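Okay, so here's the structure we're looking at.
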Amino acid sequence: MSNERDTREKLRAIGTVITPESIAASAALVAPLHARIDNSDVKVSRDLRYGPADRNRLDVFEPAKGDAAKRPVLVFVHGGGFIMGDKTSPNSPFYDNIGYWAVHNGMIGVNITYRLAPQSPWPAGSDDVALAVKWVRENIAAHGGDLSRVYVMGQSAGAVHVAGYVAREFGNLGGRAPASGWKPAGALLISGLYDTDTMDREMRFRAYFGEDESKYENLSFVGALAGANVPLFVLLAEFDPPDFLNQFVVLLETHVRRQVPMPRFVQLMAHNHFTTTWRMNTSTDTLGPEILKFVGN
C-alpha cells in the first residue's frame, strides 16, 4: 500500500494536463518496471499489412511454443491525440507490453497502428480499426486465435477510433444498417472520448474532426455506441484530464437515458492517462485483472 500511495502522490504532482513533460515524467515512473521482465516465451510477427496505407501495419503476439487450444484475441489501438503515436517505439516497452501481457494471460495479442490526422481525418481511424479487425478475422486462426472471442481495445485517441468503429459498424450511426452476423466479443475503451457535441474542441480535436463546425452536427457517435449490440468495458483513470472525466459521465448518462444495458465501468486509482496501459505486463498492473474479468478468461 505504501508503494501505491507513493505512486499516487507522484502522479498527483505530475498533474492531469497532457504535455510532453507530463508524458516523459509518467514514462520515467513506469518504464523501469519492464526492465527485467522475460518475454522470450512470446513470438512476435512484426509489421504485417492489413490495408493499403503505409501505417496500416500490425504486430501479432503469440506463444513461442504453440499449442492446440484456441485463445481469445486482444486487438489494441494506441493513442496519440489523433496526430501522433505508434504501436511500438524504439528503446521503449510501450506498447509491446500489451501484446506480451495478452500472451502471458492466455490470449493472442494484436497491436495496430493507423493513419493520423490531419492528413487522415474522421472517420479514418475507425475505418482502419475495421480493416484491422477484418484482417484478424481472416488470419488470426493461423496464429492460434479464436474468432468467436475477439476483443478490441483502444486507449485515448485509440478508444475514440474503437468507439467510432463500434458505433458505425454495429450501432446504426448516420442511418447505416448495423452489420449482421459476426461481431466483436467486446470493446474496451480506456480513457476515451465519445460525444463530439461535448468534447473539448481543442487543436487535436479539430485536426481529426475538422475545422468546419457546421459539419459537427449529427456527427456525435455516443448514442450509436450506447445502442450497439457489443459489450462495452469503459475505464477512467483517477488522474485523467477533465474532458475524459466528462466524457465518461456523458456515456453513462446516454446509457441511462436510452435504457440500454450498462457497460462494465471501472475507475483505476493511482493511475493517470498513460499508466493504465503502460503498467500492463508488470507486477504493478491493475488494468489487466479487470480485463480478464471482462473477457472471462
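Determine, for His271, His104, the number of other Cβ atoms within 10 Å of each Cβ, and report the residues in order from fewest to most.
Details: His271 26, His104 19.
If I rank by nearby Cβ atoms, fewest first, I get His104, His271.
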Least to most buried among Glu62, Glu169 (fewest other Cβ within 10 Å first): Glu169, Glu62
Lys, Arg +1 and Asp, Glu -1 on Cβ, resulting dipole of the chain about Cα centre, debye, nearest 20: 700 debye
Compactness relative to 2.2 N^0.38 Å, alpha carbon Rg of segment 28-132: 1.12
Under-5 Å amide H pairs with His78, H placed in peptide plane, nonlocal only: Ile112
Residues listed by number, segment 256-291, amide nitrogen under 11 Å from Thr198 label point at 7 Å toward C-beta: 256-257
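If each residue's Cβ is checked for other Cβ atoms within 10 Å, how do Tyr194, Tyr114, Tyr216 rank with the fewest at the top? Please report the intermediate quantities before stating the final value.
Details: Tyr194 25, Tyr114 31, Tyr216 15.
Listed from fewest to most nearby Cβ atoms, that is Tyr216, Tyr194, Tyr114.
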3J(HN,Hα) from dihedral phi, segment 9-25, Karplus parametrisation 6.51/-1.76/1.60, rounded to Hz, x for glycine, proline: 5, 5, 5, 4, 5, 5, x, 9, 7, 7, 9, x, 5, 6, 5, 5, 5
Point-to-point label distance, Ala179-Glu213, nm (Cα→Cβ direction, 7 Å offset): 3.5 nm
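Among 252-260, 105-113, how do they line up by average Cβ neighbours within 10 Å per residue, starting with the highest?
Values: 252-260: 13.4, 105-113: 25.2.
Top of the packing list down: 105-113, 252-260.
What length, rounded to one decimal in nm, is gained on full extension from Ala69 through to Ala28, with 0.36 nm per residue of separation minus their alpha-carbon distance? Working shown, then result.
Values: separation 41, 0.36 × 41 = 14.76 nm, distance 3.78 nm.
Contour length minus the Cα-Cα distance gives 11.0 nm.
Where a number appears in this text, it was derived from the coordinates with a stated rule and is not lab data. Because the structure is a prediction, the values reported are computed rather than measured. Cβ atoms come from the backbone with ideal geometry, glycine included; neighbour counts cover every protein chain shown.
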